[in-house]
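Shown next, in structure tokens, is the structure this report addresses.
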Amino acid sequence: MPTTQQGDEPVQQPAEAGPRCAPGEAAGCAICRDGLQSPFEFSFGYQPIVDLVSRSIFAHEALVRGPAGEPAGSVLGRISDANRYHFDQACRVVAIDLACDLGLIERGSEKLSINFLPHAVYRPEVCIQTTLQIARKRGLDVGHVIFEVTEGDRIEDGPWFAQILREYKRQGFLTAIDDFGAGYAGLRLLADFQPDLIKLDMDLVRNVDKLPARQAIARAVIRMAQDMRIALVVEGIETPGERDFFLHEGVHLFQGFLFARPVFRGLARAADAI
């Protein structure tokens with residue numbers, strides 16, 4: 001596998017990383033230039049992440065949907081090795097464009113959280129260019145964009161994964177690890193890179209107010225996040241008991257059906273979610 005250099009240590013790029021730009025090609029790379037063209041139609045629903053201390057919306061997570069609101073599986077099932085790169089690029093553009101059309105910028109400090117496909121990133125400093133371009137075009141502060149990746153995505157090369165997130169952070173974006181505690185890479189990734197946020201996996205949240213083992217795990221993650229100065233989002237909250245346990249433990253960022261379901265082509269308001 002080809003390698004790049006990060007400091008004094010070689011960082012391997014995964015074999016799945018796909019075609020590469022020629023040296024110096026940067027934003028002129030054909031795959032990034034053509035990335036604005038989606039391989040198929042899709043849209044987004046937006047689910048709020050709420051701050052129960054300030055009683056405001058912290059961010060809206062962009063969740064892919066079919067063009068008429070069909071479930072995510074109807075879209076994700078169409079991703080293949082042949083279209084993965086273009087789909088990932090198009091997702092970023094559509095998520096930002098639509099959120100801005102819906103008035104995100106006018107909402108002040110509310111942020112936009114976008115999921116990305118790590119295996120669709122072959123040179124992070126290049127693959128981020130279309131995102132930077134659409135943010136500048138729409139006047140969206142990149143510091144209001146969160147890139148989140150699911151820990152459950154099996155990333156065999158932790159340092160390469162960390163390099164992607166590190167580059168995004170260098171460009172001014174916020175970074176997050178989703179579904180923390182559910183997959184393969186969480187603790188190893190945190191050793192290489194500390195994101196701005198981690199989102200606790202909903203399987204550890206479910207019935208946490210009734211299950212001592214989950215309470216112990218949750219408290220350990222909360223303490224770890226505090227020690228590392230990483231904001232914690234608890235996702236998948238469905239009951240007042242789950243909410244109250246984490247509130248008592250000092251958590252204030254929440255996401256889940258208890259507050260709001262994803263709004264297809266819409267942004268929830270704090271008065272409706274809290």
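The values are calculated or read from the model by the stated rules, or taken from the named source; none is laboratory data. These numbers were taken from a predicted model, which means no experiment stands behind them. Every residue, glycine among them, receives a Cβ derived from its backbone with ideal geometry; neighbour counts consider all protein chains shown.
Table for the structure above
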{"item": "Pairs with Cβ under 9 Å, 6+ apart, first in the stretch 57-80 and more than 15 Å from Ser113 (Cβ to Cβ), second surrounded by fewer than 13 Cβ atoms within 10 Å (Cβ to Cβ) and of a type in the set (D, E, K, R)", "result": "Gly66/Glu41; Pro67/Glu41; Val75/Glu41"}
{"item": "Verdict on Arg261 being assigned to a loop (DSSP other than H, G, I, E, B), among the charged types (D, E, K, R) and over 21 Å from Thr175 (Cβ atoms)", "result": "yes"}
{"item": "Residue that is surrounded by the fewest Cβ atoms within 10 Å (Cβ to Cβ) [pool: residues in the stretch 223-259 that are of a type in the set (Val, Ile, Thr) and touching a Phe, Trp or Tyr at 6+ places or on another chain (Cβ under 8 Å)]", "result": "Ile237"}
{"item": "Verdict on Gly69 being of a type in the set (Gly, Ala, Ser) and in a helix (DSSP H, G or I)", "result": "no"}
{"item": "The listed residue being small (Gly, Ala, Ser) and closer than 23 Å to Ser43 by Cβ, out of Ala216, Ala273", "result": "Ala273"}
{"item": "Residue tally, condition free of Cβ contacts under 8 Å to residues at least 60 places away in the same chain and within 20 Å of Arg55 (Cβ to Cβ), over the stretch 215-234", "result": "3"}
{"item": "Total residues in the stretch 99-115, condition over 15 Å from His144 (Cβ atoms) and in contact (Cβ under 8 Å) with a residue 12 or more places away in the chain", "result": "1"}
{"item": "Qualifying residue in the stretch 259-269 (condition: free of Cβ contacts under 8 Å to residues at least 40 places away in the same chain, out of contact with any Asp or Glu (no Cβ under 6 Å at 6 or more places or on another chain) and either of a type in the set (A, V, I, L, M, F, W, C) or under 30 Å from Gly66 (Cα atoms) (or both))", "result": "no"}
{"item": "Matching option when the condition is part of a helix (DSSP H, G or I), closer than 20 Å to Ala271 by Cβ and within 20 Å of the chain's Cα centre (by Cα), among Ala90, Ala95, Ala99, Ala59", "result": "Ala99"}
{"item": "Identity of the residue in the stretch 78-126, over 30 Å from Val50 (Cα atoms) and of a type in the set (A, V, I, L, M, F, W, C), that ends up surrounded by the most Cβ atoms within 10 Å (Cβ to Cβ)", "result": "Val126"}
{"item": "Considering residues of the stretch 148-176 that are β-branched (Val, Ile, Thr) and at pLDDT below 90 only, the residue nearest to the chain's Cα centre (by Cα)", "result": "Val149"}
{"item": "Test result for Ala218, touching a helix residue (DSSP H, G or I) at 6+ places or on another chain (Cβ under 8 Å), hydrophobic (A, V, I, L, M, F, W, C) and more than 19 Å from Leu63 (Cα to Cα)", "result": "yes"}
{"item": "Counted residues, the stretch 180-214 - those being under 30 Å from Pro240 (Cβ atoms), free of Cβ contacts under 8 Å to residues at least 40 places away in the same chain and not in a helix (DSSP H, G or I)", "result": "11"}
